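The values are calculated or read from the model by the stated rules, or taken from the named source; none is laboratory data. Everything quoted here is computed from the prediction, not taken from an experiment. When we count neighbours, we look across all protein chains shown, and the Cβ atoms used for this are built from the backbone with ideal geometry, even at glycine. Keep in mind that these areas ignore ligands, DNA and RNA; they rest on the heavy atoms of the full protein, side chains included. Shrake-Rupley method; radii C 1.70, N 1.55, O 1.52, S 1.80 Å.
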Amino acid sequence: MPTDQETGGYAGPPTDQETGGYAGPPTDQETGGYAGPPTDQETGAYVGPPTDGEMANGGGPCGPADWFDMTRDFTAYHLKHEADDGYADEVAIKEVRVRKVRTVGEARITFTTEEVGKGRGDAARSIAKVFAAWRHEVYGDKGTVTLQTTAGPRLNITESW
């Protein structure tokens, strides 16, 4: 099949490379710059439950029922502020999922703790307090957060933020 150049037909507008025009900023790959932390997919980590879009009911990645993984962001914030909560060495954040239903936020946090009895509930409420501060500071929104432990007797605590 002949090309536009061979037939004398219109070959379209020239590219930036052909005109010497600005081709845009280089990518992280081109400069060797930091491309950000790896994604769960790249590390092979658990990416959480499927979103409605993945279940093919039309929810899509931005649909109101979709849960977003905020584990990395909240864990970083929590590590900076954990001394404020009094449970710096006793808890580890395992998973943080957030979604918005209309304008109200909903979050679920799974964590581990070496605390027992009343201390587990106190640790959960402390995490909820740091979570609320984070959401207000970074996102300025409101909602409820449910915290649960990963091992031992299940602990479910729901707090408003």
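What the table shows:
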item: Residue that is nearest to Ile109 (Cα to Cα), among those in region 135-161 that are among the hydrophobic types (A, V, I, L, M, F, W, C) and open to solvent by less than 10 Å² (accessible area, probe 1.4 Å); result: Leu147
item: Residue ID - farthest from Ile93 (Cα to Cα), chosen from residues in region 115-128 that are within 26 Å of the chain's Cα centre (by Cα) and either among the charged types (D, E, K, R) or not in a helix (DSSP H, G or I) (or both); result: Asp122
item: Unmet criterion (only one of (1) crowded, with 16+ Cβ neighbours inside 10 Å; (2) at pLDDT below 90; (3) under 18 Å from Thr146 (Cα atoms)) for Ile109; result: (2)
item: Index of the failed condition, Asp141 passing every other in (1) outside any loop (DSSP other than H, G, I, E, B); (2) in contact with a Gly (Cβ under 6 Å, 6 or more places away or on another chain); result: (1)
